[in-house]
Amino acid sequence: MQLPGYYEFCSRVKMIAGHNALEQIPEALLALKAEKPLIITDKGVAAVGLIKQVTAAMNKTKKGTKVKIGATYDNVPPDSDITVVNEVAKLYKSKKCDSIIAVGGGSVLDTAKGANIVVSENATDLMQYSGYGAIKRKLNPTIAIPTTSGTGSEMTLVAVIADHSKNIKMVFGSYFLLPDYAIIDSRMTKTLPASITAFTAMDALTHAVEAYTCLGKNPVSDAMAMSAIQLITQNVVNVVKKPNDMDGRLALANASTMAGIAFSNSMVGMVHTLGHATGGVCHVPHGICMNILLPYGLEYNMHKTGNYIGELLYPLAGEEVYNSTPKKDRPTKTVEQIRKLIQDLHDATGGRHPRWFKEVYDRDGNLMVPREKLPDIAKTAMSDASQFYNPEDLDYNDFLWVMENAWEGTPLDRKKVKKG
Ligand SMILES: [Fe+2]
């Protein structure tokens, strides 16, 4: 596959990672010349005591430092909206805060980024900052604390914010949207249920694998991706079986952040394209879509990017398997290895980790992706921008064919893959 002759890479978020990283928040705020942060989170994160943990750690401030929490907003919904962003910004201003601490997953981080645009730019219409490059200067200090090991949002320069009244989603992209600090603490994911631990880790794995195999790949993202893949495959099944494996939890959190750095500098591919479409049409959680679709994306692209797929066998299966597998067989062995990981997670969760779309049910026992919805998903995928970095082109029929196989659980018949 033909790669561009140059690349750009930027990752200027300062990471503080460890079993007791939260205790460094006051120092981080002082380094940013901030002393009155607004904490932004969601009800779920607050309910499991994670905000208490953050504030307790902050209270261990060294003598002489002056950090005081300005206010806490804990009502960010899973699919954040411009109304929420404006509410958060209003609270920030009324409490005279000078910085933001975002504790949560992708929606919390996106809300924090949107609110920071409003308060830093004194904006009355957030819309005028949408698109890429509309933000021209440094925003107010922000610290991101992820509570899942999956999205990597703490390392991405994009925010997606819906305007439900107009039924649209606005995308904001700027290096100024990168947080100043990412605090990665193993305690933040300790209460994650086994099934969420499993599928968020598979989202991180997909970020790393697609970063390594898509058209935007570059040597620096490659290094991050390889290391992330190794950490995930060495730890995820054990953490799912033993939730108190804190070293394993920290490894997954580090991997998620590294995978975030990798893909935000190289992009993703068709696994995310179809995942976004399936999430949009059938509301299947993103990580579940990634978990199911990852082997299919690799099978589809193998004729274009087989060498790179083969190289992934090393971090996925280890030195012995890599060395004993002939080079020509490594790409298919990589896919086998990922399918084995999916099966291992299925077994480790007592069958709650779905392998195919026909196994995905909601809490009320309803099939989330009825087979008749597959054409809608294929149609929606056509307008998703992630496909532009996929090694092989896809049209409607290709998307539908991949989805039919991923629904049924049958590997792709590689002889039928269109070779453009
Ligand atoms: Fe993702």
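Annotations for the structure displayed:
- Protection proxy ranking, peptides 148-155, 190-197, average beta carbon neighbours within 10 Å, highest first: 148-155, 190-197
- Relative intensity of region 1-88 on a log10 scale, I(q)/I(0) at q = 0.18, 0.24 Å⁻¹, equals -0.93, -1.28, per a Debye sum over C-alpha point scatterers of equal strength in the absence of solvent.
- Here the relative contact order of region 14-188, from alpha carbon pairs under 8 Å that lie six or more residues apart, stands at 28 percent.
- Spin-label pair Asp125-Arg339: with each label point 7 Å from Cα along the Cα-Cβ axis, the two points sit 5.3 nm from one another.
- Stokes-Einstein diffusion coefficient of region 6-46, Kirkwood radius over Cα pairs, 25 °C, 0.890 mPa s, in µm²/s: 187
- Computed extension gain for Glu8 through Trp356, at 0.36 nm per residue and net of the alpha carbon distance, reaches 121.7 nm.
- Peptides 4-14, 204-214, 346-356 ranked from most to least packed by the mean count of surrounding Cβ atoms within 10 Å: 204-214, 346-356, 4-14.
- Along its three principal directions, the equivalent ellipsoid of region 14-188 from the Cα gyration tensor extends over semi-axes of 25, 17, 15 Å, largest first.
- Share antiparallel - DSSP beta bridges, the chain, percent rounded to 5: 25
- Global dimensions of region 192-416 from alpha-carbon coordinates: Rg and Dmax equal 16.2, 47 Å.
- Binned Cα-Cα distances of the chain, short to long, each 20 Å bin given as a whole percent: 27, 58, 14, 0
- Of all aspartates and glutamates in the structure, those lying under 19 Å Cα to Cα from Lys418, and not within fewer than 8 positions of it along the same chain, are Glu299, Glu392, Asp393, Asp395, Asp398, Glu404.
Rule-based calculations on the coordinates, nothing more; no lab input. As the structure is a computational prediction, the values presented were derived from the model and not from experiment. Cβ atoms come from the backbone with ideal geometry, glycine included; neighbour counts cover every protein chain shown.
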